[in-house]
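The structure appears below as C-alpha cells.
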Amino acid sequence: MSNTNEMTGGEALVRMLLAHNAGPMFGMGGFQLLPFYDAARRLGLDHNLINDERCAVFAADAYAKVSGRVGLVDATLGPGATNLVTGLVEALNAGSPMVAIIGDAQRDHAGKNMTQETDQVSILRPACKELLRVEAIQRIPEIMRRAFEVATSGRPGPVIVDVPEDIAHGLYGFEESDFAVDPAHESAPAIRCRPAAEPLAKAAGLIAAAKRPILLCGGGIHISQATGAVTRFAEENAIPVAHTMSGKGAIACTSDLSAGLFGRYDRIANDLIAASDCIIVAGCKLGEIATKRFTIPTAGQTVIHLDNVAEEMGRTYQPTVKLWGDAREGLNDLCDALADRATDQRKARVDYLAEIPAKMQVWHDEVAAERLYSEETPINMARLITELNTHLPEDGHLIADGGFAAHWGGLLFNSKKARRTFVPDRGFASIGYGLPGAMGAQLANRDAVVVGLTGDGGFNMVLGELETARRMKLGVTVIVVNNAASGYVKALQHLMYGEGNYQSSDLAETNYAKLADAMGCHGIRVEDPAEIADALKAAFAEKDRPSVIDVMVTRDPAKMLPAVDNRTVQVKKGDRVA
C-alpha cells in the first residue's frame, strides 16, 4: 500500500529544501508563493524576511562563499523576481552555489496583464546557470534535485526554479520516497574532475625545469576548497604564490611564500610575474583586474592554466598547457608528479624564495609604511586596514563591498590563515554588498567576528537591512568608509579630468552612527585613527545586534585609491600601459 501525502506544491518545495538540509533562506513573500511560506512555518525552514530582494541574493551569496553550502533565496512574481538580477550575476560570475525559487503568473491567465506580470524568465535566464520552470506539480522533487545538482557541480552557480501560482497552490499526493536526495549536492563542489595524464606530465616537466616559477590563485581555489593543496604545492616545490582579490587566503598572507595581490594593484607580485619563466594559474579566469587590463602575463610567457571550466582557458591568454580539472585535485596531482624532483627544486630555488619576504619587507617599509601607520585626519584608508589586520581575529571574516573597499582590502588586508577570510563581491563588483554580505557570512560562521567594509554610497543603498540584521540578532560589524562621496567615481574623475572637475559624485555629509542608534543598533563615529582600535573592540563585543562604525576618511580624491588606476592613463595607439 503506497504511503501518499497530499500537499501543496509550496509544501513540496519546502520538503525538498529540508531534504537537502538547506537554510538559511532569505526572501519577501507574495501571493504566488504563500503556500511555500505556510509550509516553511509549519515545517521549520530557516526562512528570513529581507527588506530588499537584491540584498537577499547578496546575503545568500556570501553565505555560500564562506560555507560552500547552497545559498537560498525566494521572490514573488515580477518586481520581486527582477530585483534578484544583480545578485544572481554576482553568484554566476563568482561561482557561488545558489537556488532561487520565484513565483510566476497563474497559467490560466498568464499574458492577460496580470498584476506584476512580465516575461521574467527571459529577464532572468542570462543571470543564472540554469533556469528550471515547473510545468507539472508532480515534477517538483525532480526539478529541485536537478537545481541542487546543477548549482553544486562544475563551476557552481545560481539556479532559478520558476513556479507558476497554480503549481504552488495546487495539490498532489506525493510519496515519501519522492523526496529522496543525494546529500553530496548540499554543498559545492559536489563532484570533481582531474586533468588528463599527458598534459599533466608536460606541465610537471615545465615546472621542474623553471628557475622562477610562480603560482597565481583566483577565487576558484576557495570554491574547490583547495587551500591545503596550494600550501602543499608551494612548500614542496618551492614556488611563491600570488592571488587575485577573490583568491586572497589561498595561502596565508603572512607566509614567506606569499607574494600578495597581483593585477591592477599589487605589492611585489607583478614584477615577479614579469620575471617568471613558468606561471601556473589555478582557479582564476585572468579577467581585466587580475591582468591589469590584459597586460599580465606578457605575450610569450610560459603559462600553465588549471581550471574546471574549459572555456576559461584561452579566453584572455593562450596558455602553453591547459589542465582541465578541479583545482584541488589538479594541484595534488601536480605535487605527486613532481614528488621525485621536489627536493632538487627546493635546493635550486633557495635564493629565489629568499627574495619574496625581503621584497615584501622593502614594500612595507619604503612604499606602504607611511600610509599604513598614518596619524592623519581625516583617516587614511591604509591605517584603517592596518587596524583591521591587528584586531580582526584570524578566524574572522572581512566582507568587502565593491569599489575601493575591495581594492584597499585586497591590497592591504592579510588573511592570517589559508582560508577564505576576505570575501569581496568580485563576480559583478556591485556596491551595496558589505552589509548583506556580512549577514550571510555571519550565518555561515555563527561564532566568528564578521566585518563588512562598505562605502557610504554602498551603505546608502542597503541600510534598511540594518533592521533585518537587528531582527535576526546578528552581531555583525559594518564599517562605513565615510568620505561624503561616491569615492571611486570621484577619484577616477580626478585622475581623468583634474582637480575640481567632479560631476554627480558628492554625497551629503551623514552621521551613520546616529542612524544606527536610531534603528536600535550600536553606532560609533570615528574621526581620529587613535580611536579605531577601541571602536573595533566595542563593536566585536556586541554579539546580538549589529554595530556600525562610521569612519571619517579623506575627502581628497587624489588619496581615495590605493594606487593609480591604469585605465585612466591616456594612451596613443602603440603605447604600452603598465
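Computed quantities for the displayed model
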quantity	calculated
Residue match in the range 409-423 (condition: within 12 Å of the chain's Cα centre (by Cα), open to solvent by 10 Å² or more (accessible area, probe 1.4 Å) and at pLDDT 95 or above)	yes
Tally, over the range 68-81, of residues that are closer than 21 Å to Pro35 by Cα and open to solvent by 10 Å² or more (accessible area, probe 1.4 Å)	2
Restricting the range 327-376 to residues that are closer than 28 Å to His407 by Cβ and of a type in the set (Ser, Thr, Tyr), the residue that is least open to solvent (accessible area, probe 1.4 Å)	Ser374
Criterion (at pLDDT below 95 and more than 18 Å from the chain's Cα centre (by Cα)) met by exactly one of Gln120, Gln138	Gln120
Count of the range 151-198 residues which are under 21 Å from the mean Cα position of the chain (by Cα), outside any loop (DSSP other than H, G, I, E, B) and crowded, with 21+ Cβ neighbours inside 10 Å	5
Scan of the range 105-132 for residues that are of a type outside the set (S, T, N, Q), open to solvent by less than 10 Å² (accessible area, probe 1.4 Å) and either assigned to a helix (DSSP H, G or I) or out of contact with any Pro (no Cβ under 7 Å at 6 or more places or on another chain) (or both), ordered by number	Leu124, Ala127
Condition check for Lys473: outside any helix (DSSP H, G or I), within 29 Å of Ala368 (Cβ to Cβ) and at pLDDT 95 or above	no
Leu88 vs. criteria buried (at least 24 other Cβ atoms within 10 Å of the Cβ), out of contact with any helix residue (DSSP H, G or I) (no Cβ under 6 Å at 6 or more places or on another chain) and in a helix (DSSP H, G or I)	no
Residue ID - nearest to Thr386 (Cα to Cα), chosen from residues in the range 229-250 that are of a type outside the set (Gly, Ala, Ser) and open to solvent by 10 Å² or more (accessible area, probe 1.4 Å)	Met245
So Asp266, is it surrounded by fewer than 24 Cβ atoms within 10 Å (Cβ to Cβ), in contact (Cβ under 8 Å) with a residue 24 or more places away in the chain and over 20 Å from Arg69 (Cα atoms)	yes
Unique residue being open to solvent by less than 40 Å² (accessible area, probe 1.4 Å), within 30 Å of Glu527 (Cβ to Cβ) and either without any contact (Cβ under 8 Å) to a residue 12 or more places away in the chain or among the aliphatic types (A, V, I, L, M) (or both) when the list is Ile296, Ile379	Ile379
Residue among Ile140, Ile102 that alone is buried (at least 21 other Cβ atoms within 10 Å of the Cβ) and not in a helix (DSSP H, G or I)	Ile102
Test: residue in the range 525-541 that is under 19 Å from Thr390 (Cβ atoms) and basic (Lys, Arg)	yes
Test set (1) buried (at least 22 other Cβ atoms within 10 Å of the Cβ); (2) part of a loop (DSSP other than H, G, I, E, B) - Glu135 fails condition number	(1)
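The values are calculated or read from the model by the stated rules, or taken from the named source; none is laboratory data. Since the model is a prediction, treat every value here as computed from it, not as a measurement. Here the Cβ is made from the backbone with ideal geometry for all residues, glycine too, and neighbour counts use every protein chain on show. Ligands, DNA and RNA are excluded from the accessible area calculation, which covers all protein heavy atoms including side chains. Shrake-Rupley method; radii C 1.70, N 1.55, O 1.52, S 1.80 Å.
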